[in-house]
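A short write-up of the structure that comes next.
All of the numbers you see were taken from the coordinates with simple rules; none came from a lab. None of these values were measured; they are calculated from a predicted model. Cβ placement follows ideal geometry from the backbone for every residue including glycine, while neighbour counts extend to all protein chains displayed.
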Amino acid sequence: MHDQAGHEWWRSAVFYQLYPRSFQDANGDGIGDLEGIIRRLDYLNDGTPRSLGIDAIWLSPTFPSPMKDFGYDVSDYRGVDPAFGDMAAMERLIAEAHRRGIRILLDYVPNHTSDQHPWFIDSRSSRDAAHRDWYVWRDPPPGGGFPNNWVSAFGGPAWTFDEHTGQYYLHSFLREQPDLNWRNPEVESAMHDVLRFWLDRGIDGFRIDVMGMVVKHPDLADNPPNPEWTPGHSTYRQFLWTNNRNYPDVFETVRGIRRVFDAYDERMAVAEVFGTPAEIANYYGGEKLDGLHLAFNFQFIHESDLRGGFTPWDARTIHRLIESSERDLPPGAQPCWAFGNHDRPRFISRHNSDGRGDERGRAAALLLLGLRGTPFVYYGDEIGMVDNTAIPEERRQDPARYHSIWRDPARTPMQWDASPGRGFSRAEPWLPFGPADISVAAQDHDPDSMLSLYRDATWARRNEPALREGTLELLAANDLTVAFIRRAAEGRAVLVAVNTSAGVASLPMPAPGRVIIATERTLDRSLAGSLLRLPPFSAAWVALE
């Protein structure tokens, strides 16, 4: 797990979440593929500051799938879906990425399979089937109704009745995504073998989908009502997911997965989990750090997905979230931050009610890459892509649009140029493009562009020990700015400061300094005075003397 300097490589890496369907289409069918990703690897990292400086990429699911939930319904964990290519293409991608120093993470989906997976086809064939107990089956209760009150993340009951065998099966998502029974040792063993299959082929790690849901209450007890839910809102939030998410028994399963990784060198796993910072911290394994290497902290997107709403962009909120994360993690662990992903609206769209989302997006880049921890950049955020909410009904793809969320707007194809196919495809894309004026080509040679800011920041971070691996010291909270000092072991220090307000903010300087990078190029680069003056919605990194 260590690089040549003896460090765990993922601690200082910048990750990039790449949605394969939407990154680059090489074969002209309107769907992104593995060959397309290979062709764009130099954009991610060619070893020079002209590239984005990415250290690792996470591929959303590439396994064979009926695509009811676009790959999160896996029908074969040991293959590549034909829409993306084949195993030979995956092997070329791994080799070409590694040649550029880029690591590859696949998306491991352990909570459920597709209903077309051979395991489930056998499981539902009879009550005596060899794979029957590989899934969660229950009889109807004596009085009728469902086995419990659990609801699907996409809305409605989490149970579907199977006429052939006369029992309900559990599905935490779509009915085409039946939940695996991880309390069955055969399931755990088979899913560990899936990890080994890919690790043996050179994959550097996995992002683990809904890790906190793979083990539920042994008696499938009802969930308590959510006191903040009101009729007319999504049934997803009607109950607190006490007995089917972050249930304490899941942590032994986490340790079992970690033991698989520990048998390999330089591999890692990052878990998708939801909850408070203290709940997220549990996935690291406590003082022994025998859990997973990283667990996502999504609090900058939403503090509680069961309450709804998105986290506001204000200094005191940001300060509190950083403070709680640092406080609750076990010693030796580090946070894992993401400001966007394939399941939520893009950052700029979430923060654009006053038309100033782009400015906040620039500041967010310096915050994300300046925090202590491992940052994940969502594809297209580095050029300021926004949600395309004008997708006509006949072009909409997301099955969740009928229930709790609509994810298509944040999954539209990457925009490489302003041509009709945006440099993505010569065919009609699987989802419509966003605004043509947002593209890599339009920003490539503009030193003031979002893309240039991201490039400058990733390479500055790479070259600055305080930002790669330094400690974090929060400065006093106020209503306008959030600021902290990153300090390396040899004493180098960098101030990270963000103005979340619409006015100019003055921040007392803890020491004289020099601006390394700022969202506003006009910011004074030499700071011999006592104040750092930040324009509205701006941010800066300052090397302290």
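Specify whether the C-alpha gyration tensor of the range 118-170 places it in the rounded, prolate or oblate class, a ≥ b ≥ c being the square roots of the eigenvalues: rounded for a/c under 1.5, otherwise prolate if a/b is larger than b/c and oblate if not.
On the way: a/c = 2.50, a/b = 1.48, b/c = 1.69.
Oblate is the answer for the range 118-170, as a/c is 1.5 or above yet b/c matches or exceeds a/b.
Between Arg356 and Glu8, residue separation times 0.36 nm minus the direct Cα-Cα distance comes to 121.5 nm. Short-range pairs are left out: with C-alpha atoms under 8 Å and at least six residues apart, the relative contact order of the chain is 13 percent.
With a 10 Å Cβ neighbour count serving as the proxy for reagent exposure, in which order, fewest first, do Glu359, Glu188 appear?
The most exposed by this proxy come first: Glu188, Glu359.
Considering only C-alpha atoms, what is the centroid distance from the range 399-461 to the range 40-98, in Å? Distance between centres, Cα-based: 18 Å.
In whole Å, how far is the Cα centre of the range 150-220 from that of the range 301-361? A separation of 28 Å, based on Cα centres. With the charge dipole of the chain set up from +1 on Lys and Arg Cβ and -1 on Asp and Glu Cβ about the Cα centre, the Cα lying farthest toward the positive end among the listed residues Phe146, Gln415, Leu495 is that of Leu495. When His302, His131, His98 are sorted by how many other C-beta atoms sit within 10 angstrom of their C-beta, beginning with the fewest, the order is His98, His302, His131.
Across the range 1-138, Cα pairs under 8 Å and at least six residues apart give a relative contact order of 20 percent. Taking every alpha-carbon pair under 8 Å whose residues sit at least 6 apart, the range 363-428 reaches a relative contact order of 22 percent. Against the chain, whose longest principal axis is taken from its Cα atoms, helix 185-199 shows a tilt of about 40°.
Relative to the longest principal axis of the Cα atoms of the chain, the long axis of helix 450-463 makes an angle of roughly 80 degrees.
Quick check on the chain: helices-only [θ] at 222 nm, where DSSP H runs of length 4 and up contribute -39,500 (n - 2.57) each and the sum goes over total residues. Nearest 500, please.
Here the helix-only value at 222 nm equals -6000 deg cm²/dmol.
Computed from point charges on the beta carbon alone (+1 for Lys and Arg, -1 for Asp and Glu), the dipole magnitude for the chain about its Cα centre is near 1080 Debye. Exposure proxy for Ser353, Ser419: other Cβ atoms within 10 Å of each Cβ, ordered fewest to most, give Ser353, Ser419. For the chain, DSSP calls about 60 percent of its internal beta bridges antiparallel.
Mind checking the angle between helix 87-99 and the chain's longest principal axis? C-alpha axes, 0 to 90 degrees, to the nearest 10. For helix 87-99, the angle is close to 20 degrees.
Close amide H pairs (under 5 Å, H built 1.01 Å from N) link Glu8 with Asp3, residues at least 5 positions away or on another chain. Applying the Karplus relation 6.51 cos²θ - 1.76 cosθ + 1.60 with θ = phi - 60° to the range 232-242 yields 3J(HN,Hα) values of x, 9, 4, 5, 3, 9, 5, 10, 7, 7, 5 Hz, where x marks Gly and Pro.
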